[in-house]
Every structure is written in structure tokens, then in C-alpha cells.
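Here the structure is laid out as C-alpha cells; the discussion comes afterwards.
The values are calculated or read from the model by the stated rules, or taken from the named source; none is laboratory data. Everything numeric in this text was worked out from a predicted model, so none of it was measured. Positions of Cβ are backbone-derived with ideal geometry, glycine not excepted, and every protein chain shown enters the neighbour counts. Calculation scope for accessible area: heavy atoms of the full protein, side chains included, ligands and nucleic acids excluded. Shrake-Rupley method; radii C 1.70, N 1.55, O 1.52, S 1.80 Å.
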Amino acid sequence: MESDLETKAKEAFIDDHFELAEQLYSQAIALNPTRAELFADRAQANLKLNNFTEAVADANKAIEMNPSLARAYLRKGSACFNLEEYQTAKAALETGASLAPRDSRFTNLLKECDQLIAKETVDISKHSSEKTTPTNVSSESFQPVDDLSNQVTQTPAKPKYRHEFYQKPEEVVVTIFAKGITAKNVSVDFGEQILSVNIDVPGEDVYHFQPRLFGKIIPSNCKCDVLSTKVEVRLAKAEPIQWTALEFSNTNIVPQRVNASVIGSQRPAYPSSKPKKDWDKIEADVKKEEKDEKLDGDAALNKFFQNIYADADEDTKRAMKKSFVESNGTVLSTNWKEVGSKKVEGSPPDGMEMRRWEY
């Protein structure tokens, strides 16, 4: 059945029926979701349909399943190129070219990437050299991105998890409210202007969140933390501009450059069409929730010691470090006068003895 669907999908693609091909590949994937080739081929159909973010997601999935599948890197490189994410495209194409050195498609696209990356570098240098007037940006400077009052649209399906975002001059923080999720169930991929979050809990439908972002980010400086009540993603902005929305749209207002020295200690602005929220209170509540989170066993003990260390003075911290290291993790002292002038000997639990590890 799966092979029949794959054959029909390829025939539809050859006949330029790309939407039908995408649908057939999706049906084949539903029957066999572990074949990297199906995802790579559906990525090609999405490319033809100009569904570039979907093509990146399919290519990433194919690469995850089969890192040696050259055409998956070609699909990812092509999609990122069309999204103007030239650095990400180049990285994918270089990997693909190493797997298929005789394929000229990689060489040609890499040349175009290099040209556009060089052009971007020149443009950024010129832009940085221009003198800019510091601007104090507030939330009143922006209007809602979309006016939905005069539009009639279908009600979208309610997402599995709710998400929100706020921003600072240097970063955007995206919060996905997913309780009880472990880190092994979450995979995150950062592109130049794409965020891809997958939450795969056994026995449940996979949650996909893959927006094309309002502005470009620095993937190497981005990070994700999986907490007991949420997944928090921190996106490092490539430029200190105010994002008027999380997702890119042709109707978005042209952003203003944020001058961090002017903003100083001010709270960041949070563009929204909803009534203003007390973000200071929300942040305080979240921190209190994390602090009051009840842990068990080793996690509770580690949390206890972390709290002691965080609130301690310098001598106490030095004592804790020295005693823990010298005793091989069996002693933890907070008295620097007691441990500062001597070596701390190990103290194993009752009924156990310490032995030197033989290499």
C-alpha cells in the first residue's frame, strides 16, 4: 500500500500535480513514518508549492532519520535559500556536497549563497556605519499587526499547547505552556529566521510549532529550557530591533531599531492587541512557581544545595567548592575557616569505604 502511494506521488510530481503529490506522500508517511526518503520527497513537493517552512521541517526530519541522505540536505538548502537564510542554506549544502561531490546542484547553489552572503555582509557594514538617532521605543509606538474586525475567516483548530512571547532589546523569549514534558520528548532546531519545536509524547499526536520569525536570529546563541510547567525558548536577535509580532508577515510594520543604552532599566515593550498585561507580576509569579516547585529525591537535594550556594557569600562558596572537590563529593562544608587551610578528606556513608580508582 505504501509503495503504491509512493509510486502515485512520484507520477503526480512528474505531471506537475504538486499538491496531489504532497497529499500522497503524506498518506504514505502515515503508513510508514520512519522512512527518511518519504520526508525528503515530500519536502521537494512543498518546495514546488512554495511551502518553504514545511519543506525545511520535512528535510530536517529526513536528516534526523538518515544523516547520509544527500537529497535531504539539498531540499533543506533550497528551502532555506528561498527563505533568505543563506548561512543555514550554505551549511546544509556543504554537508550534502560532501555526500554527493559529483552533484552540480550543490555547487551551483553554494556559489549563489556565497554571493548573497557577501552582499549581506557589505550591506550590514554600510548600515552599521550610519549614524542613528537613539529612539525610546514604547508599546504605544505600534499598532496591532492584523485588524481582524472586518475579516471573515474559518476558526482555526485550537493548538495543543498555548504559547506566548515577550522581548528584550537583545532577545525574544517564547514560552510554550506544556506541563509534565521531559527534555527527551522535545526537539528544537534554530535557523536564521526559523524556529522549529517538536514535542513528541508517546501515545499522543506530535506537536509541531514552526513559525517563520519576524526577524533574523543568531542560532548559535539561542537555547531551550524544558521546565516542569513549560518549554522556554530564548532567541538571540541578530539586530536590536523591536519585533511587532513573533511571526513574519508581509503586513508587519517596519520595525524601529532599539537603542539599549536609552532603554536602560526600562521594561521591554510587548506589542499586543489585547489589554496591557502586568509583565513584572507575570515574571515574578513564574519565578515564584519555579522556586516553590516540589521536587523529590536527588533533585530536591540538589535544589536545596543550589539555593544555599546562590545566597551564600564568597567565603561560603569557596568552602563549598573546595570541600566538595577534595572529598570527591562526600563532604560539603560552608565554613571556610575550617577547610581553607587544610585538605578535606573524603567521608563515605556508613557501611561503605573509599577506594582509589585504578585506570
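What about THR34, is it in a helix (DSSP H, G or I), within 24 Å of the chain's Cα centre (by Cα) and of a type in the set (Val, Ile, Thr)?
No: the conditions fail for THR34.
Can you tell me which of (1) modelled with pLDDT of 90 or more; (2) open to solvent by 80 Å² or more (accessible area, probe 1.4 Å) is the one TYR25 doesn't meet?
Unmet condition: (2).
Just give me the residues in segment 1-22 being over 35 Å from the mean Cα position of the chain (by Cα) and either within 14 Å of ALA40 (Cα to Cα) or open to solvent by 80 Å² or more (accessible area, probe 1.4 Å) (or both), in sequence order.
MET1, ASP4, LYS8, GLU11, ILE14, ASP15
Within segment 285-330, which residues are within 27 Å of SER228 (Cα to Cα), assigned to a helix (DSSP H, G or I), of a type in the set (A, V, I, L, M, F, W, C) and modelled with pLDDT of 75 or more?
Result: ILE308, ALA310.
Select, from ILE181, ILE176, the only residue that is assigned to a loop (DSSP other than H, G, I, E, B) and on the phi < 0 side of the Ramachandran plot.
Result: ILE181 is the single residue among ILE181, ILE176 that is assigned to a loop (DSSP other than H, G, I, E, B) and on the phi < 0 side of the Ramachandran plot.
Considering each residue of segment 192-207, count those that are surrounded by 15 or more Cβ atoms within 10 Å (Cβ to Cβ) and more than 13 Å from VAL233 (Cβ to Cβ), and give that number.
4
Here are some conditions: (1) modelled with pLDDT of 90 or more; (2) crowded, with 20+ Cβ neighbours inside 10 Å. GLU170 meets all but one. Which one does it not meet?
So the condition that GLU170 fails would be (2).
Condition first: surrounded by fewer than 18 Cβ atoms within 10 Å (Cβ to Cβ) and not in a helix (DSSP H, G or I). Now tell me which residues in segment 60-100 satisfy that.
Residues satisfying the conditions are ASN66, PRO67, SER68, GLU84, ALA100.
Can you pull out every residue in segment 43-59 that is open to solvent by 30 Å² or more (accessible area, probe 1.4 Å) and either in contact with a Lys or Arg (Cβ under 9 Å, 6 or more places away or on another chain) or in a loop (DSSP other than H, G, I, E, B) (or both)?
Those that are open to solvent by 30 Å² or more (accessible area, probe 1.4 Å) and either in contact with a Lys or Arg (Cβ under 9 Å, 6 or more places away or on another chain) or in a loop (DSSP other than H, G, I, E, B) (or both): GLN44, LEU49, ASN50, ASN51, PHE52, GLU54.
Looking at this structure, is THR107 under 19 Å from GLN44 (Cα atoms), surrounded by 14 or more Cβ atoms within 10 Å (Cβ to Cβ) and hydroxyl-bearing (Ser, Thr, Tyr)?
Taking the combined requirement at face value, the residue does not satisfy it.
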